[in-house]
Amino acid sequence: MAGKKLQHGGVLIAGVIFTLVLVGATVALDALHAPVDAVIRAGALLGYIAVFLTCLSSQYMRELARYFGRPFLKLHHAVAITGLAALLVHALGVAWRAGNIAVFLPDFSSVRMFFALGGRPSFWLFVLTVTTAFLRKTVGPRWKLIHWANYFAFWLGTIHAQMIGPNFEHWPVRVVSGAMAVALIVVFIQKRWKRERS
């Protein structure tokens with residue numbers, strides 16, 4: 001029905017509150033040297049969670065549309081844009097602290113540095129996928145293939161966070177992050193396998 005309103009709004013509100021509390025609690029795990037550190041870490045964590053939810057929800061669009069109603073695609077895009085904005089805040093905060101805009105550029109000096117600073121290419125991959133989502137009519141069917149780059153963006157971000165993320169030095173955060181990365185792999189393979197069999 002074209003006029004169908006969003007259902008189960010309370011679930012969304014609870015999810016948003018839980019996410020914000022989780023991000024705030026994680027940032028508070030360590031003492032901060034300057035207020036900008038809180039902005040950098042909060043932006044990174046919020047963006048990380050948003051990219052994960054964007055990837056995960058893309059595999060359950062029909063189920064979530066039935067649960068939440070027709071506007072769910074708009075919510076999916078809203079989560080993606082929120083994630084992109086949070087990651088931009090994170091990157092700008094790092095650039096401000098470093099006094100160098102070059103933090104937006106991938107580092108190819110070594111394999112280790114590329115992955116340690118994997119948040120840089122991850123950010124640009126996510127920019128690409130969000131852009132193609134809104135230009136899918138122009139891009140054509142290939143936009144779905146490009147959209148899979150979200151997964152690579154998340155995994156690069158995970159490696160980056162696990163290697164140098166201050167909050168990811170705590171083992172519970174590392175375990176949850178690893179579980180999220182594995183969950184996306186499992187869901188992706190499971191969905192591909194089901195589609196091939198159907």
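Here are the numbers for this structure:
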{"read-out": "Those residues of the range 24-36 which are touching a residue at least 40 places away in the same chain (Cβ under 8 Å) and either in contact with a helix residue (DSSP H, G or I) (Cβ under 7 Å, 6 or more places away or on another chain) or in a helix (DSSP H, G or I) (or both), in sequence order", "value": "26, 27, 29, 30, 36"}
{"read-out": "Yes/no for residue 159 being within 15 Å of the chain's Cα centre (by Cα), β-branched (Val, Ile, Thr) and not in a loop (DSSP other than H, G, I, E, B)", "value": "yes"}
{"read-out": "Lone qualifier among 150, 167 - being farther than 18 Å from residue 88 by Cα, part of a helix (DSSP H, G or I), touching a residue at least 60 places away in the same chain (Cβ under 8 Å) and in contact with a Ser or Thr (Cβ under 6 Å, 6 or more places away or on another chain)", "value": "167"}
{"read-out": "Unique residue being closer than 23 Å to residue 37 by Cα and either free of Cβ contacts under 8 Å to residues at least 60 places away in the same chain or within 12 Å of the chain's Cα centre (by Cα) (or both) when the list is 128, 88", "value": "88"}
{"read-out": "Residue 97 basic (Lys, Arg), closer than 27 Å to residue 35 by Cα and either touching a residue at least 12 places away in the same chain (Cβ under 8 Å) or touching a helix residue (DSSP H, G or I) at 6+ places or on another chain (Cβ under 9 Å) (or both)", "value": "yes"}
{"read-out": "Out of 140, 178, 157, sole residue that is farther than 27 Å from residue 28 by Cβ and out of contact with any Pro (no Cβ under 7 Å at 6 or more places or on another chain)", "value": "140"}
{"read-out": "Only one of 39, 21, 103, 111 that is touching a residue at least 24 places away in the same chain (Cβ under 8 Å) and over 12 Å from the mean Cα position of the chain (by Cα)", "value": "39"}
{"read-out": "Filter result (in contact (Cβ under 8 Å) with a residue 12 or more places away in the chain and exposed (fewer than 14 other Cβ atoms within 10 Å of the Cβ)) within the range 51-79", "value": "61, 67"}
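A short reminder: the numbers here are calculations on the coordinates, not readings from a lab. As the structure is a computational prediction, the values presented were derived from the model and not from experiment. Reconstructed Cβ throughout: ideal geometry from the backbone, glycine too, with neighbour counts over all protein chains shown.
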